[in-house]
Each structure stands twice: as structure tokens, then as C-alpha cells.
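In what follows, a single structure is set out as C-alpha cells and then discussed.
Each value in this text was obtained by applying a stated rule to the coordinates, not by laboratory testing. Just so it is clear, the model here is predicted, and its values are computed rather than measured. Cβ atoms come from the backbone with ideal geometry, glycine included; neighbour counts cover every protein chain shown.
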């Protein structure tokens, strides 16, 4: 029997409720990921982008001809963006200290996620990317942000941008802020800025569905890691009222009385939120959610981290973003049964996926095409508004507030918006009309799809074995049943 992953639910027992189906999907995709990665030996490879019409072309691609390229770049370093792949290549850098919900998985443990990021960049953004997992421990065996900072600075001349990923806090704050200002290429922390961008996009549209205004909403943030602190910062910049915002970490509410956060200078981003929000000094999430309009949770994997009775106490037409990976803090069916109007998660097998994969391919593509020196918060907000507008044109509904990753046009539109804002912010090396950026991005994305289709149709990239998929499905049903 042909097992189509797009219609996976029909292969589970019909008597199962939503919770069992969701649990089985998690087990299935984890099993499939292991077997498929072993089958393919990873997800990406390096192939030439230049032709080889004959043997003598080696003299141009390598010695003696390539000496002219080296000296040309020596005399003008910006030529490296035109004469090499630097103009379209991103380093995906991680020390693997906070991978998904699994924590520190050792430096090579992050390769699967970094390869996945590189895969998505190519297919969704037409951007080449190199996964790099490094060891950030110093001589004392401690994870040291200065090791990461020095590593990326030394690496930067080979790349057009750097995507930081899965770095634990508080190191992630210093690493991003230092490199963002200290490098002459964009350094982007996708867990933080990327997640912030797409969450803002989803919230803007969820509020339209709910008939509410951002400035009037009471918003509760559950979790105070790199993602949620950046999400809060962008949402506040977009117009949320800080007096109506409250954030919570594992020790309680963030507010001006949190001396523990004030005392630890490494957590300066959390302290900024303490000073700006939660003037009533509410100490627990359940209390804060009474009458709240929106909950944005990026904490620990669920289910049952967010209780249905908390959702019941929220305002009418409540919005719940439960975005922990791999299992949301509350399943969508449970949140809706408790009264939520709009529910979003980070997973693609539920409606309303709020995942940074909708943002970073277009954002980085736009930044690369104008040779941006950095990605500003204004560029991220411009991307968020573009993503939101794209979904709005399709028609908003409680189960449709975001585009899908299959909506290819959203990535080229996002690239154009980011390029426009880069020029406005004065960080673009070259002037390029947004229309040209959008067309170039569209062509590069189409070329990436065509190349993958050719590899698949030729058999050089074989299809996944049906028996492998069936084996994983049977294992998931047995594990949950």
C-alpha cells in the first residue's frame, strides 16, 4: 500500500483520538528520520555549479588561471561575492548545546539539524549552506561564548552570511550581539530572530481573525529562552503595550523585582524585559492567563505543560501559540476544546505552523542579494509583515494564519522586502531594486527545485524505500496502541 506522508492520519486506527494520533506521528517521524538519514547518509552534498566542457578548463578553474581570481579579491575583498560562491552561501554554525528539546547533544550531535537547515535554505531560498558544528569548550571544559565568537570571526571571510543555531543561553545573547556588530556580513540567530519574525507574522494574522488590535492585547509569554525573549522584543517593537505583557521562566514572572536576573549580567536580555514589562509583578502563568488575549509559549515539550483550564480562563477568541519541539505544550485539539479560537504550533502536521523555516530562507536570500552587512530588527519586522500579508491574501481563518512551506512565492517576496529595508537602514552594499531581488530569488528557488527533480528522476537520488516507511509506521502504531 502506498503510504503518503501528506495523508498520514488515515493509516492510524480510526478509533484513535487526536492525542493518540499526534503521539503516533511524533514516534513515526523520529523513527523515519533515523532510518532515512541512514539510508541517504545525510541530506546534502556539494556539486559543481560551473561547467566542464573539456580538460583544459581545469586550467581556468584551478591553476594557473585562478591566480587572477585570488589577486583580484586581494585588491578588492568585495569581489569575493562575485568571483566565488560567497555571494550565495551561508555558514550554519552551532555548538549543539541546545538542539530542539534535547539540550546539549555534543558537537557532532547537531549535524542532523544543521544539515536540515542547509537543505531548507537550498530548496526554499535557493541559498547554498554549509553545516558547521564546533566545540565551544575552553581549556577548563566550559562552553565559552568567546570561543564561538572568535571561531565565527575567523570563518566569516568564506561566507556571505552566518546562521547561528541551537546555542544555549545565556551564551547565545552575547555571541549574537558581539558578532552582529563585529562582522561585516549578516550574522543571524535563527532560533531567536527567525522564530521572532514568524511568530510576529502569525500573531498579526491571528489578531485579525480574532478581531483584536495588538496595542490593546494582554499577551503572556511562557518561557524566557533566546527564542521567546527575541519574540517579545520584536512584538513590542511592532506595537504591543509593555504594560500588558508578562513573561515567565522556570522561576516565575519576569519583572523589576527579579534580583536574580539583575545580578547575572549574562542574562541582560532577560533583564531588559524585566524592566519593561509585567508592572503588576504577576508570579505565575496560570494567574497571568486569566483574561489574557494571547499566549505565546516556547518552553519545554508537552503535552500538559499548558493546562486546558488555564486556556479556559483566557479572554474570548483567545490565541494560543504552543511552539515547543517536538511536542507542543498543549495539543491543538485540547486548546480548542478549552475555548481557544486560534491555535498554532511549530509542527507542520498541525494547522498554523509557526516555524522559522517560513522566514530564514527569504530573509537570508534578500540579505545576500544586496550584500547586506547585517540584518536589522527592522528587516526582520519587514519580513514578518510580508509573510503575514501573503497569508492574508490567501484568506485568513482560525486554521489558516500562515503560509505553507509549499507556497514558494512567499520566500521571494520576503527577500524583496528584506532587501528594501536593508537599503532603507543603510546596511546594503549594493543597490538592487526590490523587483530585481524578487525575480532573482524566484529564479534561484526554481533552479534548486529543478536540480533536485533531475537528481531524483535520474535515480542519482533514489526514492525512500516503501518498506522502510511501512516499518516505521508499524512501529509507531505498536508503540502508541
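Against the chain, whose longest principal axis comes from its Cα atoms, helix 377-394 is set at around 70 degrees.
Over the range 193-356, the ratio between the Cα radius of gyration and 2.2 N^0.38 Å evaluates to 0.94.
Cα centroids of the range 405-481 and the range 3-66: how far apart, whole angstrom? Each part's Cα centre sits 12 Å from the other's. Counting neighbouring beta carbons within 10 Å and listing from fewest to most, the residues 12, 360, 159 come out as 12, 159, 360. Of all beta bridges that DSSP places with both ends in the chain, some 15 percent have antiparallel geometry. Panel order for 165, 82, 283, by other beta carbons found within 10 Å of each beta carbon, from fewest to most: 82, 283, 165. Plainly put, the range 55-185 has a radius of gyration that is 1.05 times its Kirkwood radius, both from alpha-carbon atoms, as the Rg/Rh ratio. Separation of the range 72-119 and the range 123-170, taken as the distance between their Cα centroids, equals 7 angstrom. For the peptides 432-438, 387-393, residues were scored by their other Cβ atoms within 10 Å and the scores averaged per peptide; the highest-first order is 387-393, 432-438. Working note: Cα atoms of the range 192-247, range along each principal axis, descending, whole Å: 29, 22, 18. Could you state the angle between the C-alpha long axis of helix 360-369 and the longest principal axis of the C-alpha atoms of the chain, as a value from 0 to 90 degrees rounded to the nearest 10? Around 40 degrees separate the two axes. The angle separating the long axis of helix 18-40 from the principal Cα axis of greatest extent in the chain is about 20 degrees.
When the Cα gyration tensor is reduced to axis lengths a ≥ b ≥ c, the ratio a/c is 1.5 or higher for the range 380-453, and with a/b not above b/c it is classed as oblate. Computed on the Cα atoms alone, the convex hull of the chain gives a volume of 161 cubic angstrom per residue.
Listed peptides 300-307, 4-11 appear in the order 300-307, 4-11 once ranked by packing, highest mean of other Cβ atoms within 10 Å at the front. Counted over the range 55-185, the DSSP beta bridges are approximately 15% antiparallel. When the square roots of the Cα gyration tensor eigenvalues are ordered a ≥ b ≥ c, the ratio a/c for the range 138-280 is 1.5 or more and a/b does not exceed b/c, which makes its shape oblate. Ordered by the count of other Cβ atoms within 10 Å of each Cβ, fewest first, 221, 151 give 151, 221. In units of the rule-of-thumb radius 2.2 N^0.38 Å, the range 268-367 shows an alpha carbon radius of gyration of 1.19.
Helix-only arithmetic for the chain: the sum of -39500 (n - 2.57) across DSSP H runs with n ≥ 4, divided by the residue total, places the mean residue ellipticity at 222 nm at -14000 deg cm²/dmol.
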